[in-house]
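Since the structure comes first, as structure tokens, the remarks are kept for the end.
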Amino acid sequence: MEVVLLFSMIIGLLLIGVPIAVSLGFSSIMFLLVFSDTSLGSIAQSFYQAMAGHYTLLAIPFFILASSFMSTGGVARRIIRFSIACVGHLRGGLAIAGVFACMMFAALSGSSPATVVAIGTIVIAAMKQAGYTKEFAAGVICNAGTLGILIPPSIVMVVYASATDVSVGRMFLAGVIPGLLAGLSLMVAIYVFARLRNMPKGEFAGWGEIGAAFRDAFWGLMLIVIIMVGIYGVPGLTGAIFTPTEAAAVASVYAFVVAMFVYRDIGPLAPKGANSLSAAVAGPVEGTPKSLFQAPWALLTAFVHPDTKHTLVEAGKLTITLMFIIANALILKHVLTDEQIPQHIAQAMLGAGLGPITFLIVVNVILLIGGQFMEPSGLLVIVAPLVFPIAIELGIDPIHLGIIMVVNMEIGMITPPVGLNLFVTSGVAGMPMMDVVKAAAPFLAVLFCFLILVTYVPAISLWLPTLVMGPEIIIR
Amino acid sequence: MSSKFEPKGALGRAAHAFEETAIAILLGSMTMLSFVAVIMRYVFNSSFIWSLEVILILFAWLVIFGVSYGFKMTAHLGVDVITNTLAPRTRKITALIAGGVCIVYAFLLLKGSWDFWAPYAALDRTSGRWFPTGFEQTRDQAWFVTDQVPPMRWLFGWLEPLINQNEEYEKLPRVVPYLILPLGSALILFRIIQAVIAIARDERTGLIVSHEAEDAVEEVAAANRAAEATVQAQAQRS
């Protein structure tokens, strides 16, 4: 009974515009003060320990920082050039290249709205010029942008892993095949559409262009290699080199060096006005970056350059908002664990003869609805502590559950009437929300089939992590 | 509903610069320290034993200090689907109620933070379960130290005669890292009250944004509009 009260309070507060973090924290504190003998002092302690006591969560600020250095207009442009060189000559090639670029950028940035903004800004404009309709362009990018949270490294997965104490490394690996599969099925759908409606195709620019574009995008894409090789080691040669947290820290220093000294889109060596998104809309940047030989002092000034500070502050801000939610969600988790609430629900479900399949359908529905309203990490930290123990009781694999939750929220973000990515796309493409909804609908259907597949075929998520890291041990 | 934040007045600008610099330095030093620790371990096969604990303390400082900055910048995430559909008047009222909830939350957090921190500073915690009703005799915990962090006596030596009966600290006393709790939550309370006043004066519409990229989206949308305007202007001219 109390649990219904607790969750109605959280949802009620959310709907009147209380920040997610405060809704969670306020409701949990009320609950603890009224129903248990926990003191405010120990709540404050657990707030502090949310950061100082969770080594896994330390990966979040580092991944965010790495992606902030990599999310400049320049890196997105290089990745798009590479994808157009690869698949631009197919029918509907620019759209397919857009999906391909979204997949690569997703792996760098780990955030869906950020992917839509960075890739959408450039690709939607390019597609209009090439003769596609604006609606089709927006629909493609809106869907492909959601891959951001499924393809590793994904911040949402780090959040899930730390909320449920599963291995981050395993979660990342489990996302690889579903991520590629989702991207591939979108590409196939686009290709079929393009054949049917006879959409434009580009010229094949030749292997030279592919090579040149690859060399240009190489430094950005290396970030993914550093993270993956760092976490899992070179297959057959070495074991894991870094923990995910260390890999993230190394990645953010690498991203800093690439942004400052290799690409020079920002920092002391950058040409004027190269780093802003509005510059990306306006077209290629004029002027060439300085070389390090012309300004060797940049090695030092790069650390205190306004662009560095700006990037650090932006990454810091995002870290703060996410961690504020997580810290409060940990207080909620404390309430749930104390009261044994998930266990009670699980017993009730088993008693009523409901099995894993019914349970997964319920999870699907809750997350699809929730995913429309709320930023994925926020939703996850509310739902995971409640759903996770039930799933374990029912014998569902924790990693598989994590992937189901991520795919669900991904689709929630583009489900009408209010999906988050729909809003972002309508802003980026400069078209009304309803048009984006209509444009996204056919591809949404594709992703829905994909969701059903992922939910009921665990092997898609579990095959790769089991292959690389061995079978997992589940402790009840 | 975010908009570019413009600090007001000399004090506002100074505070803004200080907050941003502090966030940048905290995050930057966390990253560099982790990076150096990794390099030390793999390349030189040695490490500072204190690095992890210091990184985690910096992490806690970054977040707890930054939450107040987040309230100031309207950066905290929330759900705006319902509030966006309300008429301006109703919207203002719900925003004020939401603000009230936040104030209560921050107040409880502040009381909890003081109660937690005070014993480590040889001070008394407050009595009362919900509201502080006075101070109660508390067992002194000022001799508690962190696990590995060096004492940095040149910086914190003055604490020893003050709270540790002139005894030398072997490691950094816990009172120092935990200080961010009362400090941070007082700042949070302050920024929330400021935000609620701004809402009451119609200078702000709410406390939340719905996703983290709102600024970027608005920037692109503005650039799009500007680009279209130029195209139209050119079309009219020709």
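Values quoted throughout were computed directly from the atomic coordinates according to the rules given, and no laboratory measurement underlies them. The structure displayed is predicted, hence computed values, not measured ones. Note that we place each Cβ from the backbone using ideal geometry, even for glycine, and neighbour counts take in every protein chain shown.
Descriptive notes on the structure:
- From the C-alpha gyration tensor of the stretch A:1-108, square roots of 5λ in Å: 46, 19, 10
- Calculated P(r) of the stretch A:379-425 - Cα pairs past 17 Å, %: 41
- For the stretch B:57-140, fraction of C-alpha pairs farther apart than 23 Å, in %: 44
- Counting beta carbons within 10 Å around each of A:His344, B:His16 and listing the fewest first gives the order A:His344, B:His16.
- Taking max minus min of the alpha-carbon positions on each principal axis, the stretch A:14-60 gives extents of 32, 29, 12 Å, largest first.
- Principal semi-axes of the equivalent ellipsoid, √(5λ) from the alpha carbon gyration tensor of the stretch B:1-91, are 39, 18, 10 Å from largest down.
- Fewest-first ordering of A:Glu2, B:Glu19 by other beta carbons within 10 Å of each residue's beta carbon gives A:Glu2, B:Glu19.
- Max-minus-min Cα coordinates of the stretch A:325-456 on each principal axis give 49, 32, 22 Å, with the largest extent listed first.
- Rounded to two decimals, the Cα radius of gyration of the stretch B:109-238 over 2.2 N^0.38 Å is 1.84.
- Remark: for residue pairs A:Lys128/A:Lys309; B:Lys72/B:Lys111; A:Lys333/A:Lys438, the C-alpha separation exceeds 27 Å in A:Lys128/A:Lys309; A:Lys333/A:Lys438.
- Kirkwood-Stokes translational diffusion coefficient of the protein assembly as shown, alpha-carbon pairs, 4 °C, 1.567 mPa s, µm²/s: 49
- When the Cα convex hull of the stretch A:141-235 is projected onto planes of every orientation, the mean area is 8.3 nm².
- Of B:Lys111, A:Lys201, the sequence from fewest to most neighbouring Cβ atoms within 10 angstrom is A:Lys201, B:Lys111.
- Descending principal axes extents, the stretch A:21-180, alpha-carbon based, whole Å: 67, 29, 27
- Dividing the convex hull volume of the alpha-carbon atoms in chain B by its residue count gives 215 Å³ per residue.
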